[in-house]
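Some notes on the structure that comes next.
The values are calculated or read from the model by the stated rules, or taken from the named source; none is laboratory data. Note that the structure is predicted; figures quoted are calculated from it, not measured. So basically every Cβ, Gly included, is an ideal-geometry build from the backbone, and we count neighbours across all protein chains shown. To get the accessible areas, we keep the full protein, side chains included, count just its heavy atoms, and leave off ligands, DNA and RNA. Shrake-Rupley method; radii C 1.70, N 1.55, O 1.52, S 1.80 Å.
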Amino acid sequence: MALAICALVQVTFVKFNVTDKYTFLIFCFLGSVTAYNFVKYSKVSKLYHRRLTRSMKGIRILTGISFISFLYFASKMSYETLLYMAPFIVLTVLYAVPVFPNKRNLRSIAGIKIFIIGLVWAGITVLVPVIHVEGNLDFDFLIEMIQRFLFIVVMMLPFEIRDLEYDNEELETVPQMIGVTRTKVFGSVLLVLFLLLTAVKDDLTSVEILSTILISTLSLLFLWGTDRKQSEYYCSFWVEGVPFMWLAILLILQNLFS
């Protein structure tokens with residue numbers, strides 16, 4: 001997951017012609033590892049408190065090292081970069097910590113789970129990198145933010161379909177509310193919008209057009225290939241690998257058209 005976020009950050013850098021920002025990529029990677037482990041394992045870890053399993057101890061150590069390293073690299077970031085990242089850190093914490101009435105967190109509020117994730121990922125992989133390189137928050141940036149949000153929401157749908165039998169009905173995920181087939185149709189509509197938004201960008205290139213068409217097609221295939229009963233690695237490897245495919249497509253097309 002952390003590598004997927006870094007791939008999307010690099011997609012943004014490629015699109016905005018930014019090079020040699022490896023420190024920021026490491027910063028994002030460490031922050032993503034820390035955030036993911038915090039969200040996924042914080043509640044589970046409490047169940048073990050005194051008698052942690054070896055794997056859980058390893059996760060705690062990894063998370064601690066990542067967090068300390070993240071703070072070190074954060075000290076190298078500009079104040080403005082950290083300021084724009086802060087709201088997404090807060091959303092991540094609220095996603096996991098039960099601070100709302102009846103011990104609820106953002107994840108447990110019906111119907112908004114994937115949209116919170118889409119907003120956070122769009123912010124971390126588009127807004128914060130552009131701020132970091134002191135880019136312009138212009139019209140093309142706004143379109144890129146919207147597109148990235150739509151892309152992440154679509155990429156979350158296969159996971160929601162996979163988790164149908166495990167998710168509490170109170171979550172009211174998209175497949176729970178409208179069913180699997182309509183979820184795929186919903187995702188397809190979002191992908192069409194994702195694709196069409198490319199046409200309104202001011203700085204439009206052949207690489208931008210072709211890469212968006214290709215990644216939209218791949219995403220559509222993975223979405224419709226999703227089933228409630230699927231291979232263990234379908235989502236955890238192939239769907240999570242789509243950001244790497246997007247980055248590879250961009251780099252290959254850039255070399256072809258350069």
Dimensionless Rg over Rh [region 163-258; C-alpha; Kirkwood]: 1.06
Whole-percent carbon and sulfur share, accessible surface of the chain, 1.4 Å: 64 percent
Largest-first principal axis extents of the Cα set of region 118-225 (Å): 44, 26, 16
³J(HN,Hα), Karplus 6.51/-1.76/1.60, whole Hz, each residue of region 211-219, x for Gly, Pro: 5, 5, 4, 5, 6, 5, 5, 4, 4
Count of lysine pairs in the chain with Cα separation under 21 Å (8 or more residues apart, or interchain): 13
Estimated vicinal HN-Hα couplings, Hz - region 136-144 in sequence order (Karplus 6.51, -1.76, 1.60; Gly, Pro = x): 8, 8, 9, 5, 4, 4, 4, 5, 4
Accessible area in square angstrom per residue, the chain, 1.4 angstrom probe: 55 Å²
Asn255/Glu134 FRET efficiency (R0 22 Å; Cβ-Cβ; nearest 0.05): 0.25
Trp224, Trp246, reordered so the largest accessible area comes first (probe 1.4 Å): Trp224, Trp246
Percent RCO, i.e. relative contact order, over the chain, from Cα pairs under 8 Å lying at least 6 residues apart: 22 percent
Reduced Cα scattering model of region 76-115, Debye log10 I(q)/I(0), q = 0.20, 0.25 Å⁻¹: -0.64, -0.79
Space enclosed by the convex hull of the alpha-carbon atoms of the chain, per residue, Å³: 141 Å³
